[in-house]
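Structure first, then comments.
The values are calculated or read from the model by the stated rules, or taken from the named source; none is laboratory data. None of the values given here were measured: they were computed from a predicted structure. In this analysis, Cβ positions are derived from the backbone assuming ideal geometry, glycine residues included, and neighbour counts consider all displayed protein chains. These area figures cover heavy atoms from the full protein model, side chains too; ligands, DNA and RNA do not enter into them. Shrake-Rupley method; radii C 1.70, N 1.55, O 1.52, S 1.80 Å.
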Amino acid sequence: MSADMRELKIEAARAALDQVEDGMRLGIGTGSTAEEFVRVLAERVAGGLTVIGVPTSERTAALCLELGVPLTTLDETPELDLTIDGADEIGPQLGLIKGGGGALLREKIVAAASRRMIVIADKSKLVETLGRFPLPIEVNSFGLGATVRTIERTARALGLEGALKVRERDGRPFVTDGGHLIVDASFGRIPDPRALANALNAIPGVVEHGLFLDLADTAFVAGDGEVRTFGAA
Ligand SMILES: O=C(CO)[C@H](O)[C@H](O)COP(=O)(O)O
């Protein structure tokens, strides 16, 4: 990642940090932008800010522990004040594609348990129509072949064509923190994300998908020397 790109992520992370208040229960996202948030948050915690966080992945948990950000779980703390997370795409009405880092299931559970969700990103994540980024779909490994066929059929019925690929890492299937697989769906354009989300939710082998609709309240998007606010300020 270029130094400029990293700087944009830090700017967006700082804008989100301004929304964090003493005593808050936070959901803490996954990915390179969310990690910049963890770093700026950790500095504030070292300076005396009291917060507690629920990490959305083992990777985020490890970074929080390393940097001294106190953690809890959704079992101990089932209601959160604010989640801060990155995104792969930010579309109209703050509809998102997430899951590029493979953490979409925990990310969605944590976001849904939060009163407010803030998305942080650099401007490359803004799109007019979701779908250029392959949609991550988390599936149970049991019946993988049948589930992929059903996803394909379901997508085609909605007019969506494109390759479905089981995600790999180092030549092996990528396994999520929850022990599932990810199918990346290269639809190119998803003109009706809600119809697709509903259809995917109805497929038994689909555990969750990366369409985050009606979850994000605010996005802080850095670029061109400013951080723009989308949604509720
Ligand atoms: O959804 C995610 C992880 O599952 C990330 O938020 C998304 O992939 C963005 O990552 P980055 O900030 O590294 O671009």
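Data for the structure
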quantity	calculated
Residue tally, condition open to solvent by less than 20 Å² (accessible area, probe 1.4 Å), aliphatic (A, V, I, L, M) and either in the same structural domain as residue 95 (by TED's automatic domain parsing) or touching a helix residue (DSSP H, G or I) at 6+ places or on another chain (Cβ under 8 Å) (or both), over segment 192-205	3
Segment 22-41, subset away from the ligand (no atom under 13 Å from the Cβ) and touching a residue at least 40 places away in the same chain (Cβ under 8 Å), residue most open to solvent (accessible area, probe 1.4 Å)	25
Failed condition for residue 87, given (1) away from the ligand (no atom under 12 Å from the Cβ); (2) under 18 Å from the mean Cα position of the chain (by Cα)	(1)
Exclusive hit being within 20 Å of residue 228 (Cβ to Cβ), of a type in the set (D, E, K, R) and open to solvent by 10 Å² or more (accessible area, probe 1.4 Å), set 85, 81, 18	18
Flag if residue 49 is at pLDDT 95 or above and away from the ligand (no atom under 11 Å from the Cβ)	yes
The lone exception for residue 64 - which of (1) open to solvent by less than 10 Å² (accessible area, probe 1.4 Å); (2) touching a residue at least 40 places away in the same chain (Cβ under 8 Å) it fails	(2)
Test for residue 7: is it more than 19 Å from the chain's Cα centre (by Cα), within 16 Å of the ligand (Cβ to nearest atom) and modelled with pLDDT of 95 or more	yes
Residues satisfying the stated conditions in segment 115-138, i.e. crowded, with 22+ Cβ neighbours inside 10 Å, part of a strand (DSSP E or B) and more than 9 Å from the ligand (Cβ to nearest atom)	117, 118, 135, 137, 138
Qualifying residues in segment 100-114 (those that are open to solvent by 10 Å² or more (accessible area, probe 1.4 Å), assigned to a helix (DSSP H, G or I) and under 18 Å from residue 25 (Cβ atoms)) - the one farthest from the ligand (Cβ to nearest atom)	112
